[in-house]
Structure formats: C-alpha cells, structure tokens
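Take a look at the structure set out below.
The values are calculated or read from the model by the stated rules, or taken from the named source; none is laboratory data. Just so it is clear, the model here is predicted, and its values are computed rather than measured. Neighbour counts run over all protein chains shown; Cβ positions are idealised from the backbone, glycine included.
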C-alpha cells in the first residue's frame, strides 16, 4: 500500500475543508490578513493535488491490469457515482425541507439536478448541485478519455498524455476559450494535472522517463507558461506532482508502516467522503460553533469546523461509501460470473 499517497489525499481533503471553513466564517470571526490567512486562502488548491493523485493512481492500478474498457469505466463510476448521487439527493432534500437555510431560489431545478448527476453541469456554465462536484466532472472526463483510448490501441497512457497536452495547447491559442464558451472545459490547462500524475506514476513504476510523454507535457507546460504563467497547473500542479512522486518513493521505503501512518492512511482512504461531506455542513458547523462560543478565536473556529467535517466524512465513509462500493463490486462480480443460459428450442416435429 502506498501509505504516503493516502496521507496526501487526507492533506488535500483537509486543505479544501479548511479553505471553505475560512471562507464561510461569520462576520467577526474572520482571520486577520497575514501569513495564515494567505495559506488558508490557497487551501482550495488541494483539488490540484487530488487531480495529480488521480492520474497517478489510475496509471499505477491499471497499467498492467488486464481489464476491458467497460470494466475500467465501471470500476471508476462505481467508485465515484453512488456516493455522489447520495449526497446530491441529501442536499436536494435539505434544500426542499429547509429552504431558508439551504435553499437557493432557481437552483434546484430538474434540469440542473439531472445535469449535475450526469457530470455535465459545466455545459450551462454553472456549478453542480453539490458544488464540490465541479472537480468530479473533470475526473469523469479523464476516465472517459482513458476508457475510449483503451478501445483504440495499446499505448493508452502515452496517447492520453499526448492528447490532453495537445488539448491544453489548443486552449492557449488566442480566441479559443471565447469561441468554445462553456466547452472550454475540455481544453482547460487543469487537465495537465492528470497528465503530471500519469508521468509521475510512469517514473515510479518503470524507473525511467517516457520521453514522448515528457516532450508532449513539456510543450503544453511551455504554452501555459507563455500565456498564463500564474495558472494553477504551474503554481500548484507541478509542486503537487513533486509531492506525489516523493510520497510514492517514501511509501516504497516503508513496507511496514507504523500505526500512526496506518491511521492517517485510513483517514486518507475516507478523503472522498470528507470532500463531499463539507457541502452545506461546513457553513452550518461554522455558524453553530460561532453561535455557541461567541468569543472563540477565528483560527480555533476554523480548526473545530474542519474537525467536525472530518468526523462527518469518516462516518459517511463507514456508513455509506464503503457499503455502497462493496455492493457495487458484488453486483459486478455476479454479472461477470453469471453462467450463460443456453437457448431452449422446441423439438422438431
């Protein structure tokens, strides 16, 4: 088990939760401007680390596996979709039940809910019902691209790197984003963070650099540097890739991790639930804690709010995510192992 990759997943989730806790803190509980508020303001870039880890893990888990494109896509969808659908349903129910607290007029329309569930809310230029789902739309984009390339040839990972790099370069051509409108989603430089994860995993697994992939990614990075040097893929994606490759090699040197490392890795395994659990709860928790303890320091408020979301996320992982994933896997195995029933024909008379 790559223990420190799991630890990075936990850090990414906590960073995003702390960022939202910092952002929704009630008036009078804002962290004063300074180094700490600067760090908190960038916590949302834990998503960039998630994207790099995603590219790394998908390559690491499947590069030698013998699975069909359908099997690959099924396993990725059953890992992401059931819990996301459950949380989306819960958010909609809360909004309908307590509209003054959770509702937003004109937001919970059937069209918007369905597009959110289909991972295509970006086509309307809107966030999904579960606002953290915007990143899952990029994840599904990556999974679909990999599955499609699996049907077309053997060099899946080289091709995904080259194609995503080419799309990022196209997106840097002046006028492209304006022409594509909401569909500039497909050429956003952020897709290079999956590419960086794939390259990091390739280096870790194979012990060498795949030059075609590095050249393609390098050209895309240069194009982004020339047009948007402050892009998040430059400022946060590249450092995230360095963290991921370092964590992978450290994990290799820790074949028998200690119990604190295993405990952190267990929390990292719940990072997806933690990431989704913050929706609606982070603002409610911050307001509740501030109301109960009016003299609480702002940093303590953020820490307690983040801790509450962390606990809720772990509970969501235990109660919902793991059982749902186990159920999906059992159903998948049954379908795969179900014997074919021969056709019964009436005897000739």
Tell me whether the range 27-39 contains one or more residues that are touching a helix residue (DSSP H, G or I) at 6+ places or on another chain (Cβ under 6 Å) and at pLDDT 95 or above. no
From the option list 38, 59, 89, single residue qualifying as assigned to a helix (DSSP H, G or I) and buried (at least 20 other Cβ atoms within 10 Å of the Cβ) is 59
Where residues in the range 93-124 are surrounded by fewer than 17 Cβ atoms within 10 Å (Cβ to Cβ), outside any helix (DSSP H, G or I) and under 24 Å from the mean Cα position of the chain (by Cα), which of them is modelled with the lowest pLDDT? 107
Residue list for the range 223-242, filter: part of a helix (DSSP H, G or I) and buried (at least 19 other Cβ atoms within 10 Å of the Cβ): 223, 224, 232, 233, 236, 237, 240, 241
Quick one: is residue 151 touching a helix residue (DSSP H, G or I) at 6+ places or on another chain (Cβ under 6 Å), surrounded by fewer than 15 Cβ atoms within 10 Å (Cβ to Cβ) and at negative phi? yes
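Criterion first (closer than 30 Å to residue 64 by Cβ, part of a helix (DSSP H, G or I) and within 19 Å of the chain's Cα centre (by Cα)) does residue 204 satisfy it?
So residue 204 does not fit the description; no.
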Is the range 39-59 home to any residue that is closer than 28 Å to residue 76 by Cβ and more than 19 Å from the chain's Cα centre (by Cα)? no
Considering each of 134, 157 in turn, give the residue that is at pLDDT below 95, touching a helix residue (DSSP H, G or I) at 6+ places or on another chain (Cβ under 9 Å) and either part of a helix (DSSP H, G or I) or over 30 Å from residue 283 (Cβ atoms) (or both). 157
Note: among 302, 308, just one is in a helix (DSSP H, G or I), crowded, with 24+ Cβ neighbours inside 10 Å and modelled with pLDDT of 95 or more, namely 302
Determine which member of the set 167, 149 is assigned to a helix (DSSP H, G or I), closer than 24 Å to residue 74 by Cβ and over 16 Å from the mean Cα position of the chain (by Cα). 149
